[in-house]
Amino acid sequence: MKAKSFSLVRYDSDSGLVFDWKEPRYIEVPNDKDNPEAGTHQEQEHLYAKTIFVGGNDSIDNYIEVPEPAGQNN
């Protein structure tokens with residue numbers, strides 16, 4: 001049996017705030033879901049997490065706290 005030990009640090013956002021990525025991330029979104037030949041465009045993707053767990057290969061510096069979007073129930 002092989003085992004690997006690692007630790008995570010839990011971060012909880014302040015009231016009314018959520019975590020998002022510090023560097024913007026983009027995803028390809030179809031222009032028309034019913035017509036794949038219509039091409040795609042990029043939209044910014046958001047994390048919007050109240051709690052994150054950061055391991056050894058990551059850093060809390062990669063995240064920022066932003067106001068919680070209206071109507072978001074995390």
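The values are calculated or read from the model by the stated rules, or taken from the named source; none is laboratory data. Being a predicted model, the structure only gives us computed values, none of them experimental. Cβ: placed from backbone, ideal geometry, glycine included. Neighbour counts: every protein chain shown. Surface areas here come from the heavy atoms of the whole protein model, side chains and all, with no ligands, DNA or RNA. Shrake-Rupley method; radii C 1.70, N 1.55, O 1.52, S 1.80 Å.
Applying a threshold of 6 Å to beta carbon distances and a minimum spacing of six or more residues, or different chains, the list of pairs starting in segment 27-49 at a residue that is more than 30 Å from Leu17 (Cα to Cα) and ending at one that is surrounded by 13 or more Cβ atoms within 10 Å (Cβ to Cβ) reads Thr40/Pro30.
Yes/no per residue for (1) in a strand (DSSP E or B); (2) open to solvent by 100 Å² or more (accessible area, probe 1.4 Å):
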position: Asp20; (1), (2): yes, no
position: Tyr26; (1), (2): yes, yes
position: Asp32; (1), (2): no, no
position: Gln44; (1), (2): yes, no
position: Phe53; (1), (2): yes, yes
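Could you grab me the full set of residues in segment 50-74 that are closer than 26 Å to Lys4 by Cβ and free of Cβ contacts under 8 Å to residues at least 24 places away in the same chain? Within segment 50-74, Asn57, Asp58, Ser59 qualify.
So that you can scan it fast, the table gives a plain yes or no per residue for (1) modelled with pLDDT under 95; (2) in contact with a Pro (Cβ under 6 Å, 6 or more places away or on another chain); (3) among the aliphatic types (A, V, I, L, M):
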position: Met1; (1), (2), (3): yes, no, yes
position: Lys4; (1), (2), (3): yes, no, no
position: Asp12; (1), (2), (3): no, no, no
position: Thr40; (1), (2), (3): yes, yes, no
position: Gln44; (1), (2), (3): yes, yes, no
position: Thr51; (1), (2), (3): no, no, no
position: Asn57; (1), (2), (3): yes, no, no
position: Tyr63; (1), (2), (3): no, no, no
position: Asn73; (1), (2), (3): yes, no, no
